Every structure is written in C-alpha cells, then in structure tokens.
Amino acid sequence: MSTYERTIDSAGDWYDVLADVFHLNLTDVDAPTRAALWHRVHAAHQEWAAAGEQTPAL
C-alpha cells in the first residue's frame, strides 16, 4: 500500500477531501458555520506546524 501526502490549503479543497476520501458530506452545514470550521481547523494546523518547526532535531 502506498501513501500520498499533501497539504490542503483552501476550504474548498478541504471539504472536497472530507467528502471524497472520508465520505463526510457536510452540505447540510450552512456557509458561515463551514467558514468558521475551516478557520478553526486551519489555525490549529498552522499552530501544529509551527510547533514542529520549533522542535530541535534529535
């Protein structure tokens, strides 16, 4: 089995991946709630990535 890695950097792409890969259809969620969810997930990812960059290599 091979793996594939990419960074999702837009809300549209993220929602596409949720639907296509994870079969999570969130079309019943209104636009403001979807925007808030994307903002929260994106901010958390940025914090996670920044923390990883600050960790010294062993």
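The values are calculated or read from the model by the stated rules, or taken from the named source; none is laboratory data. Fair warning: this is a prediction, and the values are worked out from it, not measured in the lab. Don't worry about glycine lacking a Cβ; one is built from the backbone with ideal geometry, like all the others, and counts go over all protein chains shown. Surface accessibility is based on the protein's heavy atoms, side chains included, excluding ligands, DNA and RNA. Shrake-Rupley method; radii C 1.70, N 1.55, O 1.52, S 1.80 Å.
Remarks
- Subset of segment 1-17 (residues that are assigned to a loop (DSSP other than H, G, I, E, B) and among the β-branched types (Val, Ile, Thr)): Thr3, Thr7, Ile8
- In this structure, Glu53 does satisfy being surrounded by fewer than 10 Cβ atoms within 10 Å (Cβ to Cβ), at pLDDT below 95 and in a helix (DSSP H, G or I).
- Where a residue in segment 11-40 is among the β-branched types (Val, Ile, Thr) and its partner, wherever it lies, is open to solvent by 50 Å² or more (accessible area, probe 1.4 Å), with Cβ under 8 Å and at least six apart: Val29/Leu37
- Some residue of segment 18-28 being under 12 Å from the mean Cα position of the chain (by Cα), assigned to a helix (DSSP H, G or I) and modelled with pLDDT of 95 or more: yes
- Selection of segment 29-50 for residues being in a loop (DSSP other than H, G, I, E, B) and of a type outside the set (Asp, Glu) yields only Val29.
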